[in-house]
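Heads up, the thing below is written out as C-alpha cells.
Just so it is clear, none of the values below were taken in a lab; they were calculated from the coordinates. The model shown is predicted, which means the values in this text are computed figures rather than measured ones. A quick note on method: Cβ atoms are made from the backbone with ideal geometry, for glycine too, and the neighbour counts reach across all protein chains shown.
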Amino acid sequence: MKAELLNELQKHVLFDRRAVAGMVNNESYAGVLLHRLKVAGDIQEVERNSYTVHKDPFLIASRIAWPSYISIWSALRYHNLTEQLPQAIWVVTTKKRRNTRIEFAGTEISFLIASQKYFFGYDKIGLRGFEVFVADPEKSIIDSLLFRKVSVSEIFEILSNNLGALRKGRLADYAVRTGNRALIKRLGFMLERLGATVDGRLRKSVDSSRTPLEYNLPSAGKVDKVWNVVENVRL
C-alpha cells in the first residue's frame, strides 16, 4: 500500500492531508499516515499542511502560491542571461502570504507580492513532467528593475552581454506597461548607453524629476539631460 500511495503522490507537485485522505479513503488515518511518511523521509513538509515527494526547489517554488511565476535571478539563470547561480528562488504572486520566505531542501524561496497590473510576461515550461510558469527573458529583466532585487550595474552587464538576443520592443512594451517612470528612464538610459535603438515610448515617459541610476546608492553625480538620470554609478 505504501508503494502504491507514493507512486500516486509522485503525480502531484504538492499535496495536503485532504488529498491523501481522498487517496486512502480514510480521513482520520491520513494524518497518521502523513506523519509516518515524513518520519521515514518518504515525503517532505514544505509548509504547514503542504507536502511533496519531489526534491527540486525550482519545481516546488512554482506551486506554493497560486497564481505565481518564477522571476528575477532564477529566471535570468534559466534563460542563460547570467552565469551567476541564484542564492534564492524569487516567486512573483498576487496572493497575499503570511510567510514571504521559506526554506526547502537548503534553498530559500522568497515571494514578492505584486499588484495584478504587474502580473504578466511569463511562459509555461515543462519540468519533470509538470508545468511551471517562468518570466520570459525580457520580463525577468523588467522585474529585476521593478522590484529592485538586482543592482542596475548587474542589469547593465546582463543587457550588454545579451543585447542581440533580447527583444528590445518587448522590453519597451513591458517597461511602459508597468507605468514606473523611474524604471523606464533607467532602462532607456542603459539601452542608449549600449548603442541600441531606443523606443520612442520610453523617451515620452521622461519627467522633470531626477532619478538616481543606481537605486542602492546616494543620488549624487552627473545628470544625463536626455533621461534626467543621475549617474551615481559608472557603467
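The table for this structure:
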| item | result |
| --- | --- |
| Karplus-derived 3J(HN,Hα), 6.51/-1.76/1.60, for each residue of segment 136-145, Hz, glycine and proline x | 6, x, 6, 5, 5, 6, 4, 4, 4, 6 |
| Debye-sum result for segment 2-53 in log10 I(q)/I(0), which assumes one identical scatterer on each alpha carbon, at q = 0.19, 0.25, 0.31, 0.32 Å⁻¹ | -0.53, -0.97, -1.56, -1.64 |
| Calculated from backbone phi, Karplus (6.51, -1.76, 1.60) coupling profile of segment 46-61 in Hz, x at Gly/Pro | 7, 7, 3, 6, 9, 10, 7, 9, 8, 10, 8, x, 4, 5, 5, 4 |
| Amide H contacts of LEU127 (H built 1.01 Å from N, under 5 Å, at least 5 apart or other chain) | VAL132 |
| The chain - mean residue ellipticity at 222 nm from DSSP helices (-39,500 (n - 2.57) per run, n ≥ 4, rounded to 500) | -11500 deg cm²/dmol |
| The chain - percent relative contact order, Cα under 8 Å, separation 6 or more | 12 percent |
| Set LYS204/LYS225; LYS149/LYS204; LYS139/LYS185; LYS117/LYS149; LYS96/LYS117 screened for pairs whose C-alpha atoms are more than 24 Å apart | LYS149/LYS204 |
| Under 16 Å from LYS124, Cα to Cα: aspartates and glutamates that are on another chain or at least 8 residues apart | ASP136, GLU138 |
| Inter-centroid distance (Cα atoms) of segment 58-103 relative to segment 11-38, Å | 27 Å |
| Cα long-axis angle, helix 168-178 against the chain (0 to 90 degrees, to the nearest 10) | 80 degrees |
| Separation in nanometres of the label points that stand 7 Å from Cα toward Cβ, at GLU103 and PHE119 | 3.0 nm |
| Per-selection metrics, segment 124-235 (Cα): Rg and Dmax in Å | 14.6, 52 |
| Base-10 log of normalised Debye intensity for the chain (one unit scatterer per alpha-carbon) at q = 0.12 Å⁻¹ | -0.72 |
| Loop-resident sites, segment 10-104, for trypsin sites (Lys or Arg not before Pro), counting at most 16 other Cβ within 10 Å (DSSP) | LYS11, ARG48, LYS55, LYS95, LYS96, ARG97, ARG98 |
| In sequence order, calculated HN-Hα J values of segment 18-25 (Karplus, 6.51, -1.76, 1.60; Hz; x Gly/Pro) | 4, 5, 5, 4, x, 6, 9, 6 |
